[in-house]
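K.L.:
One structure, as structure tokens, below. Some questions next.
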Amino acid sequence: MTRIRPLLALTAVALATAAAAQPDTTLQQLLDSLPDPPATPQEAARWLDAQERPVHTGLAAHRRAVEVHKAAMGRLASADAAAGRTQAGVQTEALAVGLNDVGIDLQRMQSDSAYAAQMQQRLQRMTPAEQLALAQRMNASLQQDRRIDNAALAMDRDTPAAKAAFEAGQQFAQANAMAERRAREARLWRDTEAAVAQVYARKLEPGLPRPAMAFDNIGCQAACQAQWQAYAARVLPLMVERETEILKLRAAALRQQRAWVAATIKPIDAHLSATAFGDKSTSRVHREQILAYDLSAVGEVEAVSDRLLDAVRHAAVVVRCDKQAVLVPGAVCSGS
């Protein structure tokens, strides 16, 4: 008992800390903080630093808010994990008492393989009735120890809101439901990228012939380079125009995905609000599912955010590379 009291005290502190550190943003607020896509490649280029990290105020703030939300949920989960470890310790102690009552030394069972084998043989020699009686004597200490939580009873006695959130979380996490959401998203982006490929397939018409010799060929001297510079001056605006068209296609897909996520998270926010992110639940099993429910939904928001950042990075390439995108298209361009 002496070893359990400090654990219980630590758990109480952890739970109190976690309750004070609940997320201060709803899922809808996280989604709303995501800015609209840039309208042009020039604007997209200003969203990134030289390492293609987001520096756009709105996007950077959104991504920080998501991380803060996830960290708060992680603290709540850690508190329940601490309580779970405490329960495991209590149950082990109670089990040791029960085993001792029937003449079995738990510590020796764990360290002495010969002794463990001897106890196993003893159990095998018993009749089913003797085994049942032995099990009842062993479990008596577990049933009588008031420190041990009855998980099934806690679930049964929990609030209706917590039970509803638990069930909704289970349904949300079902493999077929997740597969349906992923398939819908995959179809959207497959169709979008097919449309993008059609735009790229259209031949640009700069009104000048492409120089025969590559710009970075050692033989491309002054006249050749002048031809390339003139050609690039004509082609680059056409490439920017093409990227603008492609950015619009991806922005439309982003709006569709965002609308789907908004509809998905609306009922989840209601469950999280009704249970205070699981804090109002008296069942650790229910709380764990509610926390997982939230984190899965945050993943839906992050998916939109990641798609936005990907669209921005693609759109920014031509502007960031400038004429280099025409002269040496395979080069890696840096800078803003």
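The values are calculated or read from the model by the stated rules, or taken from the named source; none is laboratory data. Keep in mind that what you see is a predicted model, and the values were worked out from it rather than measured. Positions of Cβ are generated from backbone atoms using ideal geometry, with glycine treated the same way; all protein chains shown enter the neighbour counts. Heavy atoms of the whole protein, side chains included, go into the accessibility calculation; ligands, DNA and RNA do not. Shrake-Rupley method; radii C 1.70, N 1.55, O 1.52, S 1.80 Å.
K.L.:
Name the residue, out of 302, 245, 241, that is free of Cβ contacts under 8 Å to residues at least 12 places away in the same chain, of a type in the set (D, E, K, R) and either closer than 26 Å to residue 56 by Cα or in contact with a helix residue (DSSP H, G or I) (Cβ under 6 Å, 6 or more places away or on another chain) (or both).
P.N.:
Step by step, each of 302, 245, 241 is checked, and only 241 is free of Cβ contacts under 8 Å to residues at least 12 places away in the same chain, of a type in the set (D, E, K, R) and either closer than 26 Å to residue 56 by Cα or in contact with a helix residue (DSSP H, G or I) (Cβ under 6 Å, 6 or more places away or on another chain) (or both).
K.L.:
Sort through 279, 269, 216 and tell me the only one that's in contact (Cβ under 8 Å) with a residue 24 or more places away in the chain and either touching a strand residue (DSSP E or B) at 6+ places or on another chain (Cβ under 7 Å) or part of a helix (DSSP H, G or I) (or both).
P.N.:
269
K.L.:
What tally of residues in segment 175-184 results from selecting those that are surrounded by 11 or more Cβ atoms within 10 Å (Cβ to Cβ), without any contact (Cβ under 8 Å) to a residue 12 or more places away in the chain and not aliphatic (A, V, I, L, M)?
P.N.:
2
K.L.:
Hey, could you check segment 167-177 for residues that are in contact with a Phe, Trp or Tyr (Cβ under 8 Å, 6 or more places away or on another chain) and aliphatic (A, V, I, L, M) and say which is farthest from residue 248 (Cα to Cα)? If you could, list the steps in order and put the result at the bottom.
P.N.:
Within segment 167-177, the first condition is being in contact with a Phe, Trp or Tyr (Cβ under 8 Å, 6 or more places away or on another chain), and the residues that meet it are 168-169, 172-173.
Retained after the next criterion (residues that are aliphatic (A, V, I, L, M)): 168, 173.
Values: 168: 36, 173: 33 Å.
Selected residue: 168.
K.L.:
Filtering segment 266-297 down to residues that are crowded, with 22+ Cβ neighbours inside 10 Å and hydrophobic (A, V, I, L, M, F, W, C), which residue is farthest from residue 181 (Cα to Cα)?
P.N.:
277
K.L.:
If you go through segment 64-72 one residue at a time, do you hit one that is modelled with pLDDT of 90 or more, over 20 Å from residue 293 (Cα atoms), in contact with a strand residue (DSSP E or B) (Cβ under 6 Å, 6 or more places away or on another chain) and not polar (S, T, N, Q)?
P.N.:
Checking segment 64-72: not a single residue is modelled with pLDDT of 90 or more, over 20 Å from residue 293 (Cα atoms), in contact with a strand residue (DSSP E or B) (Cβ under 6 Å, 6 or more places away or on another chain) and not polar (S, T, N, Q).
K.L.:
Taking the options 28, 87, 107, 91, name whichever one is modelled with pLDDT of 70 or more, among the polar types (S, T, N, Q) and surrounded by 14 or more Cβ atoms within 10 Å (Cβ to Cβ).
P.N.:
Going through 28, 87, 107, 91 in turn, just one is modelled with pLDDT of 70 or more, among the polar types (S, T, N, Q) and surrounded by 14 or more Cβ atoms within 10 Å (Cβ to Cβ): 28.
K.L.:
Right, next: Give the residue that is surrounded by the fewest Cβ atoms within 10 Å (Cβ to Cβ), with candidates limited to residues of segment 210-230 that are under 46 Å from the mean Cα position of the chain (by Cα) and within 28 Å of residue 198 (Cα to Cα).
P.N.:
The initial filter retains those residues of segment 210-230 that are under 46 Å from the mean Cα position of the chain (by Cα), namely 214-216.
So of that shortlist, the ones also within 28 Å of residue 198 (Cα to Cα) come out as 214-215.
Numbers: 214: 13, 215: 19.
For segment 210-230, the residue satisfying everything is 214.
K.L.:
If I filter segment 200-209 for residues that are open to solvent by 10 Å² or more (accessible area, probe 1.4 Å) and assigned to a helix (DSSP H, G or I), do I get at least one hit?
P.N.:
yes
K.L.:
List every residue pair whose Cβ atoms sit under 7 Å apart, with the two residues 6 or more apart in sequence or on different chains, where the first one lies in segment 63-92 and is under 14 Å from residue 279 (Cα atoms) and in a helix (DSSP H, G or I) and the second, anywhere, is small (Gly, Ala, Ser) and at pLDDT 75 or above.
P.N.:
Short answer, once both residue conditions are applied: 76/278.
K.L.:
Given the criteria at pLDDT below 95 and either within 17 Å of residue 248 (Cα to Cα) or open to solvent by 90 Å² or more (accessible area, probe 1.4 Å) (or both), does residue 187 qualify?
P.N.:
In short, no.
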